[in-house]
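Quick notes on the structure that follows.
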Amino acid sequence: MLEKKCRARLRLECQRGAGRALAQPDWYRKIGDLGPDNIAPAQDQCGIGEAPARDCSSGQHTGIGSDRSTAPPAGINRLGRVGYATLCALRSLSHGDSERFAKSWNMPVLRGRQGPRVEALLAWYDVHRRVLPWRAQAGMRADPYHVWLSEIMLQQTTVQAVDRYYRTFLSRWPTVEQLAAASLDDVLAAWAGLGYYARARNLHRTAKIVAGQMAGRFPETAAGLRALPGIGPYTAGAIAAIAFDEPQAAVDANAERVIARLFYVKTPLPAAKAELRARTQALVPQRRAGDFAQAVMDLGALICTPKAPQCPRCPWQEACIGRVRGLVETLPRKAPKPDRPLKRGVAFVVVDAKGAVLLQRRAEKGLLGGMMQPPLGPWGADFPAEYDAMTQAPFAATWIKRPGLVRHQFTHFELEIEVYVAKLTRRPRIQGRWVQAHALAEAALPTVMRKILVHGLGTTTFAPA
DNA sequence: AAAACGGGGCC
DNA sequence: GGCCCAGTTTT
């Protein structure tokens, strides 16, 4: 019934299609006046690993393509290659119809297989892979130390942001033994500005473990890697696959997006993580597992982007159910994030007669753990709009308030800091380190603390690390 | 299961 | 201003 109507519409579109340039979702919806949910569930056509599309009709055919024109409708060209698999995925056509449809316009007729072809992705990767400083040459395995260092830095961090830090670290500590021999403070200072400072502390801990207890060799399995500080399920899989070619999935945000679209996974993140991981793992080839992991990431970074993905260039376009339904850009769905409260506090920039600045070390655990800061009152959401900042001062002095505020956004709250400055002729007895202005660039100062110092000193002579 | 944990780029 | 990013650890 619906199906008959559907075919009729398709034929109609085929006949008049040459003059139209329909966008992908419109075209498909038009075929049968079908909303996305009137098309069969993705699991039916694209189960993990196999499951060819069901023959959706055994009735007589309507002769699609018998009245073909020489070129497919413009709207179809815009989809890239539309083949048998895609048409069957709609399930509004019988095998016979869709195959004739494909042949009539010299489209590829793909028999039997509905799922994504790993070989197609790897072939795409061989041509389009990104050149990144931590990657080995094509066909080579990367150094496990390089892979590990880059993967820790890349946690929740963009490739662009990591690039400079990775080069600095590798240049300064070329081996895991040398990193292990470094002081934690030096590592934190080199990490300053990259964020998530627990990563730097775990990096140092793991370097010491690998250098001290494992003869400088990283575990070669995901299970072994998982036991090291700072290595979770993603990073364990990524290192095992990329450095050792163990058939492990590396499910990062790129993979989650690609797989959610490919299999039309509607469950919002993070609830969908288990399913996405299982679907990804089911695709991992026995050979070239590392290339597969990186290929999925490159696909997510270059083609299957969060916004405006370039589906016609995608090696998996035929199999992608999200694309068939015209809902690629709506995936993956994500649970709403709670809004961030505003917190306030006061900072005190102290300068001695020689221009040195007083810095104190934050607690090892918690926010910005182990990093340096000027004396800083507690910050909280409950600070009244008017309060006496002087009650927060570390010692009595002539505190001059700087005009304006320092604002900073953290993941889970927003911060407004008032800044007071005191220039002293004599250093008070107080815990902390006096750092010359020219040495601030090398200090373990997170970005928000650099903002405070710039605001307080009225100078930017020290650049963020 | 949910919260904590940074920062910068891009639209 | 909102969204996103080669996630992990703690509660």
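Some values worked out for this structure:
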item	result
Rounded to whole Hz, the Karplus (6.51, -1.76, 1.60) HN-Hα couplings of the stretch A:423-438, x for glycine and proline	9, 10, 8, 10, 5, x, 7, 7, 5, x, 10, 8, 10, 4, 4, 5
Net charge of Cβ neighbours under 11 Å - reference A:Tyr420; Lys, Arg +1; Asp, Glu -1	+1
Peptide ranges A:363-375, A:129-141 listed from the most packed, as the mean C-beta count within 10 angstrom indicates	A:363-375, A:129-141
Extreme residue, positive dipole direction of the stretch A:251-409, given options A:Val251, A:Cys304, A:Leu376 (C-beta unit charges)	A:Cys304
Per-residue ³J(HN,Hα) for the stretch A:397-407, Karplus 6.51 cos²θ - 1.76 cosθ + 1.60, θ = phi - 60°, Hz, x for Gly and Pro	6, 8, 8, 9, 7, 7, x, x, 9, 9, 10
Antiparallel content of DSSP bridges confined to the stretch A:342-457, in %, to 5	60 percent
Residue order, fewest to most surrounding Cβ atoms within 10 angstrom, among A:Ile452, A:Ile303	A:Ile303, A:Ile452
Contact order relative to length of the stretch A:153-256, as percent, for alpha carbon pairs under 8 angstrom and 6 or more apart	18 percent
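Values in this text are rule-based calculations from the coordinates and carry no lab data. What you are looking at is a predicted structure, and each value in this text was computed from that prediction instead of being measured. Cβ sites come from the backbone with ideal geometry, for glycine too, and all protein chains shown count toward neighbours.
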